[in-house]
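The values are calculated or read from the model by the stated rules, or taken from the named source; none is laboratory data. Everything numeric in this text was worked out from a predicted model, so none of it was measured. Note: ideal-geometry Cβ built from the backbone for every residue, glycine included; neighbour counts use all protein chains shown. Just the protein is used for accessible areas: all its heavy atoms, side chains included, with ligands, DNA and RNA removed. Shrake-Rupley method; radii C 1.70, N 1.55, O 1.52, S 1.80 Å.
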Amino acid sequence: MKLLEKLKSIEKSAIKEILEINSLEGLENSRVKYLGRKGELTAAIKSIKNVAKKDKPKAGQFINEMKKKIGSLLDEKEQGLREKEMASLENHDITLPGIEREMGRKHPLIRTMEEIIDIFARMGFKSVDSPEVETEFYNFEALNIPKNHPSRETFHTFYVENGMLLRSQTSTAQIRMMEKEKPPLQIVHAGKVYRPDAVDASHSFMFYQMEGLMVDKGIVFSDLKGVLEKFAKEYFGEDVQMKFRPHYFPFTEPSAEIDISCFICGGKGCRVCSYKGWLEVLGAGMINPRVLEFVKIDPKEYTGFAFGMGIDRICMLKHGIDDIRLFYENDVRFLRQF
Ligand code: PHE
């Protein structure tokens, strides 16, 4: 009887295969392969209808026994594997110390940047991106910085190839945003800027700035004051006082430098404020109408303000850090403190 032979060969290979298995997963695969609905044995049972009538009982009996045999072999094997698994867990000393992975943390400058952006975001400013490699147009021309201005000389700006440069201020973002979107605009941008300064405790060839800008109909200087005062109080504390000193920036008119009363000594004078009682933290002003014209915004219809601050300086003031180089040396003993 052909079927019988076929069954015997299935049985032989099944037993051989199952004995060699040494994983619970492999065992489950064999169970499906031989005993499953689409398994080899099920297929054989279906073909019993082609067997001569007199041979049918014999074939049926053989199949039943075979099913039992394979089933109990699988069960036995499973039990063995499970016992082995338990034993290996028992040999494992779970009281041994684990492999400690040190948690990373954000760099103090990135944290400062995010905290500041967050305060402005709550006042409705949207945070945007802007490129670090720029053209002279965005870094100077459109910001009303004329060709002969000293800041355009090679010893004040890093020039790269094809007339491109590493931006020396985030004010470039003002132009890019005003070109891209029409007012009302309320935007902040923070990122790296580059200046070929000699490196010392307060200068670095690369540092971080944040720029803010607001343009709409009827924006006046007191809007600028309100926004900056809110920021200073949120970031440095409710008691902080502000002082606007007249200043000159080519892209704002009028312009001011803004000091806050020293939040360490409350204005009495201390090491952090160099015994002046005041800390210079910001540059700002009303956007120069010439700049608005550059980006095709009608200055008779719209006005706006802009401000810029050094993130490094603000972070240094806030945490009493006296050397900017600490931010860029990647010494974990310093960075771990934040
Ligand atoms: N870009 C100026 C600087 O780097 C700061 C500034 C920004 C001043 C916006 C006015 C308005 O010093």
How long is the chain along each principal axis, judged by its Cα atoms, biggest number first, in Å?
113, 51, 41
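For the chain, with every protein chain kept in place, what is the accessible area per residue (1.4 Å probe, Å²)? It would help to have the intermediate numbers written out before the result.
Details: 19760 Å² over 338 residues.
On a per-residue basis, the chain sits at 58 Å².
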At a 4.7 angstrom Cβ threshold, list every cysteine in the chain that has nobody to pair with, or say none.
C315
Would you kindly calculate the mean projected area, averaged across all directions, of the convex hull enclosing the Cα atoms of the range 172-311, in square nanometres?
9.0
A 1.4 Å probe over the protein heavy atoms gives the range 108-335 a carbon and sulfur accessible-area percentage of 53
Under a 1.4 Å probe, counting only protein heavy atoms, K230 has an accessible area in Å², nearest 10, of 100
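Which three semi-axes in whole Å describe the equivalent ellipsoid of the range 55-128, each the square root of 5 times a Cα gyration tensor eigenvalue, listed largest first?
On the way: eigenvalues 913, 132, 10 Å².
After scaling each eigenvalue by five and taking roots: 68, 26, 7 Å.
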Go through the range 232-323 and name the GluC sites (Glu not before Pro) that are in a DSSP coil and have 11 or fewer other Cβ atoms within 10 Å of their Cβ.
E238, E301
Any idea what diffusion coefficient the range 2-89 gets from Stokes-Einstein, in µm²/s, Kirkwood Rh on alpha carbon pairs, 4 °C, 1.567 mPa s?
93
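Taking 2.2 N^0.38 Å as the expected size of a compact globular protein, what ratio does the Cα radius of gyration of the range 230-338 give against it, to two decimals?
Numbers: Rg = 17.3 Å, N = 109, 2.2 N^0.38 = 13.1 Å.
My calculation over the Cα atoms of the range 230-338 gives 1.32.
Sequence gap at least 6, Cα distance under 8 Å: using those rules, report the relative contact order of the chain to the nearest whole percent. Please list the in-between numbers first.
Details: 497 pairs, mean separation 48.8, N = 338.
In percent, rounded to a whole number, it is 14.
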Based on alpha-carbon centroids, what's the gap between the range 82-153 and the range 214-290 in Å, whole number please?
27
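So, with a 1.4 angstrom probe, what is the percent of accessible area on the range 2-89 that is carbon and sulfur? Don't jump to the answer; show the numbers that get you there.
Numbers: 3410 of 6220 Å².
Carbon-and-sulfur percentage of accessible area, whole number: 55.
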Quickly rank 105-116, 32-43 as a protection proxy: mean count of other C-beta atoms within 10 Å, highest first.
105-116, 32-43
